[in-house]
Ligand code: ARG
């Protein structure tokens, strides 16, 4: 015989705090950009797969878009190819593109799918090529080091930007109870394969689905204000001001820009949260204060 465990009052409080959100989120589409530490740390990977499965079972429609930069670099290096970047963008020649597609669409995508499935979710892996999900075209980067320097146009190779999203395949899978997991690779007008930034892909897919949330899992707490304090909630206009005032800098800038585009075209909120924290997704979605920075219109 075992004695009955007594769950604390705290546990009940937590569940009760979550109830209005569970009700509100029922049927809502949530696009999650999965990357960074949460994708490599064993424990965090398990937590993420559990969180996504839980979301599906309580009636949300999670869609996962993943990155995989470190995993691509590993394979490139094993092949004796040195990864090269300009402005954070991978220089993608034909051989590199093959590796990107194999690693993202094969290894990385399937390992996420398998992990979610092991926790009882039914995940299906896609790349942007499947069902014509992502149409892309070649991206050119304009680099200007100072105001009087002539702009330099950089050709990153097979790096694309999204021109069209056909979300039908995602809708079909979601409606049938599956969890779509998307590798950020798209097709060009002439059938080329393009490597596309996963933050951008997540934003475009969230827009096409009119998602209730686009959640960026990052390695930082969120947006910090001028004195380094976490900003819990920020409106589009305030975020633009922080970019102009150089308070938001570096890798956070493109994320915020994608977030602004998303909230500008129908996505309700874009939380940017720290994927290094265990169960970050649940804490953001089902508590009143959340744990990161939510960007709103
Ligand atoms: N859980 C609520 C939601 O997802 C509130 C989250 C608030 N988050 C924040 N970073 N201020 O809508």
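Annotations
- A convex hull fitted around the alpha carbon atoms of region 53-118 yields 97 Å³ per residue.
- Degrees separating the helix 198-209 axis from the principal Cα axis of the chain, which is the longest one: 60 degrees
- Nearest 10 degrees, 0 to 90: helix 42-57 Cα axis against the chain principal axis: 70 degrees
- Rounded to the nearest 0.05, the FRET efficiency derived from the C-beta distance between residue 15 and residue 141 at R0 = 51 Å is 0.60.
- Kirkwood hydrodynamic radius of region 1-149, Cα pairs, Å: 18.8 Å
- Packing, taken as the mean count of other beta carbons within 10 Å per residue, orders the peptides 201-211, 278-288 from highest to lowest as 201-211, 278-288.
- Of all DSSP beta bridges in region 28-153, antiparallel share, percent nearest 5: 40 percent
- Tensor-based shape of region 137-244 (alpha-carbon gyration tensor, a/c under 1.5 rounded, otherwise prolate or oblate): oblate
- Packing-based exposure ordering (other Cβ within 10 Å, fewest first) of 263, 247, 181: 247, 263, 181
- Here the alpha carbons of region 15-103 define both size measures, Rg and Dmax, at 17.7, 54 Å.
- Region 154-297: relative contact order as a whole-number percent, Cα under 8 Å and 6+ apart: 26 percent
- Antiparallel content of DSSP bridges confined to the chain, in %, to 5: 40 percent
- Sorted by Cβ density within 10 Å, fewest first, the residues 51, 148, 219: 148, 219, 51
- Cα Rg over Rh - the chain, Kirkwood: 0.99
- Principal semi-axes in Å for region 117-157 [√(5λ), Cα gyration tensor, largest first]: 41, 14, 6
- Whether region 132-190 is rounded, prolate or oblate, judged on the alpha carbon gyration tensor where a/c under 1.5 counts as rounded: prolate
- Going from the residue with the fewest nearby Cβ atoms within 10 Å to the one with the most, 248, 116 rank 248, 116.
- Taken as Cα centroids, region 222-297 and region 97-174 sit 22 Å apart, rounded to the nearest whole angstrom.
- Computed Rg/Rh of region 1-58, alpha carbon atoms with Kirkwood Rh: 1.09
- Full-extension gain in nm, residue 114 to residue 22, via 0.36 nm per residue minus C-alpha separation: 30.5 nm
Where a number appears in this text, it was derived from the coordinates with a stated rule and is not lab data. This structure is a prediction, so every number in the text was calculated from the model and none was measured. A quick note on method: Cβ atoms are made from the backbone with ideal geometry, for glycine too, and the neighbour counts reach across all protein chains shown.
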